[in-house]
Amino acid sequence: MSEFLQLCFNGTALGARYALVALGFVIIYRATGVINFAQGGLLALGAYLAYALNDTAALPFALAVIGAVIASGLIGAATERVVLRKMVGQPVFAVVMVTIGMLFILEQTITSIWGFEALNLGDPWGVQIVRAGDVVLAQRDLWTIGIAGAVLAAFFAFFRFSKLGVAMRATAFDQEAALAQGISARRVFAVSWGISGALACLAGVTLAAGPAALSPGIGAVALIAFPAMIVGGLDSPVGAVLGGLIIGITQALTTGYQEDLFGWAGANFAAVMPYVVMVLILLVRPYGLFGTREVRRI
Amino acid sequence: MSFRRTPRVHGLMTRSYADDLRLFGSGKAKLGLLALVLAYLGLPFFLTSDFWLSVLDYAGIAAIGALGLNLLTGYTGQVSLGHAFFIGLGAYAAAQLGGPDALNLPLPLWLLGAAVFGVLVGALIGPFALRLRGNYLAIVTLGLIFLGEHLFRNLKEVTGGNSGTNVDTTATLGGLDFKDLALLGENFSFNQGYFWLIWGLVGLVALLVKNLVRTRPGRALQAVRDRDVAAEVVGVQLGRYKVGAFAVSSGLAALAGALLGSYQQFVSPDEFSLFLSIQYIAIIIVGGVGTVFGSIVGALVLGGLPGLIDKYSASIPGVSTGSGDSGFISVFSLNQAIFGLLIVLFLVFEPRGLAAVWLRVKAYFKAWPFSY
């Protein structure tokens, strides 16, 4: 039992990170109808910026993270302004490919600046743990869950109560009607990308914290957050969070019970488990758990 | 005043839809084709550099795979990131069918067998994948890459696991052994023989795809691309054509994979990653989405690029070629970054690719020296 609880805790912490990334996808998708494959690149970049501010600029860790979050947000908004704005009205294929191209450029920029070696992020959590009965809670995991929870609460409050948040929801709902009400779609697009970049940075920092260490490979996490987003439904923020948790817990359980249950499926099956879950859910619900069914007109 | 039909019309003039759909437009096009055929037949006599031949051979393999992807993405409008999976499938199928240690089938049979295997797997996966559209489809086919890589790494009896497998195929056709060709009293190298084999197949596949897209099924596919609901309304059976395009595209990918395996004589799961799919996507974007000609041009430009960068990396400033070297970017990174950059630049500035550039040049010279 305690093993199961332990795995569930690990899974929740992992799922919280996926949820942060998936939420970033969903915000951009709702505002602009674009799936941002470059999210993984932004995530890695954010984590490396935090490292650079902490290690090279010698800022305290908390300040470094805040600085990196702001910088990532600005980079996200700048990406939208410089590249994606030119793609408005282009077919889905073209836009998706542009973001994939950006992913490859970002990843290689990172490796050419910081190299391939694993770096220590310099976070205060390290490998410290808290014991609750038989379950071992790593401090960085507790912080991750806490940060993710706080960010998500702030996020939903922002969309519910702030003027800009409501404007963003209106734009997502009906772009033309929102324009007619005097909402600037450009501002909404830029803010969406900014928020998404900031979320990616937070996800990157919590991923690279502690014993995991910082390496260019952490961008690949975004590829696993895709199933999280799809499971929840492309355009549902609640779905993104739930999808993240589902995928995170499934993955942790698969890792934990690999020997007993998934021996037949080959080593490291946990790495592809999210995609298996995604395919199974899509077979039943082609638009995910909470996604809006697309209305098709001629 | 009476209209007299002139017996000879200008080569560019078309008087019916049948004229528009001709395989070879004008006399000039036929001449151009003849020149290409002569170049194909004659090139290995003059080109003996193994490096340049290998660049061309890789480009030819890429052209076959790109024709398949263009059929699916360019003509049918279905985004697929899973092309690398089918290429891997073909390579492993060739290893199982063609080698003396395996079934030891002759060249036409293992090539065809790999392609048919690809078609079958594509037809099996297609109905599930193609229920989804646009973004959802892109991500599900992305999943195909990861699931495929997992299979390639873990089905050790068939694929050799992480360490890969030898692909020791026979390449003999009617007395001609492409691996060690003796023709007209001359002996040709492995690379020269494979040039003829690969580019011959490129010609065949290009003809197949061209004929497919200029006839009824092709028009149905393009209708699906332009607006699938409208296509359904005018009587296109959506499921059938989407799955059909997916299956044919997978089959061509598997054919390219079989050639790749046979040419390299070895494959490992590392080759069939997301980056390979991205390379193929870059090829059709740079060449021209929705054109047969563009797939081949794109493959010629990009298919040999990794080899070229590798060879000339020492002379590109800032590139580190070895571990002790002081450069800020490795050859591998540079490759990925260049493919990424090409995709972004072409989509932003020339979304229709090199094919469109060529058409513009051609249109300019059509009436030259007059401007219109």
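For the reader, a short list of remarks on this structure follows.
- Once the Cα gyration tensor of segment B:66-184 is diagonalised, semi-axes √(5λ) in Å: 30, 18, 11
- Less than 5 angstrom separates the built amide H of B:Gly290 from those of B:Gly74, B:Tyr75, all sequence-distant by 5 or more or on a different chain.
- Dimensionless Rg/Rh of segment B:43-366 - Kirkwood Rh, Rg from C-alpha atoms: 0.97
- Residues losing 40 Å² or more accessible surface upon assembly, segment B:132-148, compared with the chain by itself, 1.4 Å: B:Leu132, B:Arg133, B:Asn135, B:Tyr136, B:Ile139, B:Val140, B:Leu142, B:Phe146, B:Leu147
- Rounded percent of accessible protein surface that carbon and sulfur make up, segment A:2-216, 1.4 Å probe: 65 percent
- Pairing chains A and B buries close to 3900 square angstrom of accessible surface in total, based on protein heavy atoms and a 1.4 angstrom probe.
- Members of segment B:78-97 that become less accessible by 30 Å² or more once partner protein chains are added (1.4 angstrom probe, chain alone as reference): B:Val79, B:Leu81
- Mean projected area of the Cα convex hull of the protein assembly as shown, taken over all directions, amounts to 37.1 nm².
- Simple spin-label estimate for A:Met1 and A:Ala58 gives 5.3 nm between the two label positions (7 Å along the Cα-to-Cβ direction from each Cα).
- Nonlocal amide H pairs with A:Val136, under 5 Å, H built at 1.01 Å: none
- Counting only protein heavy atoms and a 1.4 Å probe, segment A:140-298 has 45 square angstrom of accessible area per residue.
- Mean ellipticity per residue at 222 nm, deg cm²/dmol - from DSSP H runs of n ≥ 4 across chain A, formula -39500 (n - 2.57): -22500 deg cm²/dmol
- Percent carbon-and-sulfur accessible area, segment B:43-366, ignoring ligands, DNA and RNA, probe 1.4 Å: 64 percent
- Counting 0.36 nm for each residue step from B:Arg131 to B:Ser315 and taking away their Cα separation leaves a gain of 61.3 nm.
- Segment A:10-67 - accessible surface per residue (Å², probe 1.4 Å): 25 Å²
- What the Kirkwood sum gives for chain A is a hydrodynamic radius of 19.7 Å, with every pair of different alpha carbons counted.
- Helix axis angle, B:274-287 relative to chain B longest principal axis, alpha carbon, degrees: 20 degrees
- R0 of 30 Å, Cβ-Cβ distance A:Phe173-B:Phe349: FRET efficiency to nearest 0.05: 0.35
- For segment B:64-78, backbone phi angles converted through the Karplus equation (6.51, -1.76, 1.60; θ = phi - 60°) give residue-by-residue couplings of 5, x, 5, 4, x, 5, 5, 4, 7, 8, x, 8, 9, x, 9 Hz, Gly and Pro being listed as x.
- For segment B:199-215 versus segment B:36-84, the inter-centroid distance based on Cα atoms is 12 Å.
- Given their separation in residues at 0.36 nm each and the Cα-Cα distance between them, B:Leu183 and B:Ala123 gain 17.5 nm when the chain is fully extended.
- In the distance distribution for segment A:125-271, Cα-Cα pairs more than 21 Å apart total 57 percent.
- In segment B:328-356, burial by the other protein chains removes 40 Å² or more of 1.4 Å probe accessible surface, compared with the chain on its own, from B:Phe328, B:Ser333, B:Gln336, B:Val344, B:Leu347, B:Val348.
- Along chain A, the longest continuous region that contains none of the trypsin sites (Lys or Arg not before Pro) in a DSSP loop with at most 11 other C-beta atoms within 10 Å is A:1-292.
The values are calculated or read from the model by the stated rules, or taken from the named source; none is laboratory data. Keep in mind that what you see is a predicted model, and the values were worked out from it rather than measured. Here Cβ is always computed from backbone atoms with ideal geometry, including for glycine, and neighbour counts include all displayed protein chains. Each accessible area value is taken on the protein alone, full model and side chains, heavy atoms only, with ligands, DNA and RNA left out. Shrake-Rupley method; radii C 1.70, N 1.55, O 1.52, S 1.80 Å.
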